[in-house]
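Before any comments, here is the structure.
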Amino acid sequence: MNLFYRRHLALFCALFAVASLGGCFLESRIKWVTGLSILGAAVLTVLLLPFVKKHRALLLKGVLCLTFAAMALIESYLIIDRERDKLAPLIGQTTEAEITVIGKNKTNDYFSSYEATVTFDDDTFDAVLECEYKGDFSVGDILRGQVLVSRIEDQTEEAGYYLARGVYIVLLSSEDTLTVVDSGFSNFKIKMRSLNAKLASI
């Protein structure tokens, strides 16, 4: 609550939040250009400060406001939009993929779901692997085969959970064609999950 007694800090944080929220409604290129333009305006204002005798404190506050807004837009682009842009050409396509299983979600006689990473053209992305059959895969398995790439739509609580963690795609395997080719227990994410599980059990 002390944040609100420091008006300047509260203002900067509010600007960061508003810019982040507003950025959700902008196309990635517009967001990137807008963020860089605002940051450029902040830098230009800093360069002009030595030549201004009055209202320096007000100008400095304006610089900080511009910087916080610009950083929110640039961060959103670098963390979210750039990855989505790379994935965009693959959406709706059936493609050959290399997949590493990093966690199990649920499985029954007719369906199975896993948390995974997938590599396309030397870029690795987090994904959900859904099999329309009983998949018998284990954490650490490296799979190869044909999958349909779909976008996770923010319409369910489960989808919101994945999107919040930076998982934007679902890999759908409609036929039992995925083959286990290796084990990926050296995978960093698998090691971290194992460490978290051990710490949680203490």
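3J(HN,Hα) couplings calculated from phi for the stretch 120-133 with the Karplus curve 6.51 cos²θ - 1.76 cosθ + 1.60 (θ = phi - 60°) are, in sequence order, 10, 6, 6, 9, 10, 10, 6, 7, 10, 9, 10, 10, 7, 6 Hz; Gly and Pro show x.
Overall size of the stretch 70-126 from C-alpha positions, given as principal axis extents largest first: 50, 22, 19 Å. Projecting the Cα atoms of I169, F16, L44 onto the charge dipole of the chain (Cβ charges, centred on the Cα centre) puts L44 farthest toward the positive pole. Here is how the number arises for the chain: DSSP H runs of 4 or more residues each give -39500 (n - 2.57), the sum is divided by the residue count, and the result at 222 nm is -14000 deg cm²/dmol.
Per atom type, the chain shows carbon and sulfur on 59% of its accessible surface, probed at 1.4 Å. Once all protein chains are placed together, L36 keeps about 80 Å² accessible to a 1.4 angstrom probe. For the stretch 1-72, taking the reciprocal of the average inverse distance between every pair of different Cα atoms yields a Kirkwood hydrodynamic radius of 13.1 Å. Rounded to the nearest 0.05, what FRET efficiency do L47 and V18 have when you use their Cβ-Cβ distance and R0 = 25 Å? Efficiency, rounded to the nearest 0.05: 0.45. Scanning residues 5 or more positions from N105 or on other chains, those with amide H under 5 Å from its amide H are S113, Y114, E115, with H placed 1.01 Å from N in the peptide plane. Solvent-accessible area of Y77, all protein chains in place: 40 Å² (probe radius 1.4 Å, heavy atoms, ligands and nucleic acids excluded).
Taking only Cα atoms of the stretch 40-108, what ratio of Rg to Rh do you get with Rh as the Kirkwood inverse-distance radius?
Radius of gyration over Kirkwood radius for the stretch 40-108 works out to 1.36.
Counting every alpha-carbon pair across the chain, the share separated by more than 24 Å comes to 56%. Measure out, as a whole number of angstrom, how far apart the alpha-carbon centroids of the stretch 15-35 and the stretch 55-107 sit. For the stretch 15-35 versus the stretch 55-107, the Cα centre distance is 10 Å.
How many Å² of accessible area per residue for the chain, probe 1.4 Å?
Normalised by residue count, the accessible surface of the chain is 65 Å².
Long hydrophobic helices in the chain, taken as whole DSSP H segments with a C-alpha length of 15 Å or more on their own axis and mean Kyte-Doolittle hydropathy at least 0.5: 7-23, 28-48, 56-76.
Close Lys pairs in the chain (alpha-carbon distance under 22 Å; sequence gap of 8 or more, or different chains): 12. Using only the C-alpha atoms, the convex hull of the stretch 91-167 corresponds to 98 Å³ per residue.
The values are calculated or read from the model by the stated rules, or taken from the named source; none is laboratory data. Source: prediction; values computed, not measured. Quick reminder, even Gly has a Cβ in these numbers, built from the backbone with ideal geometry, and neighbours come from all protein chains shown. SASA here: full protein model, heavy atoms, side chains in, ligands and nucleic acids out. Shrake-Rupley method; radii C 1.70, N 1.55, O 1.52, S 1.80 Å.
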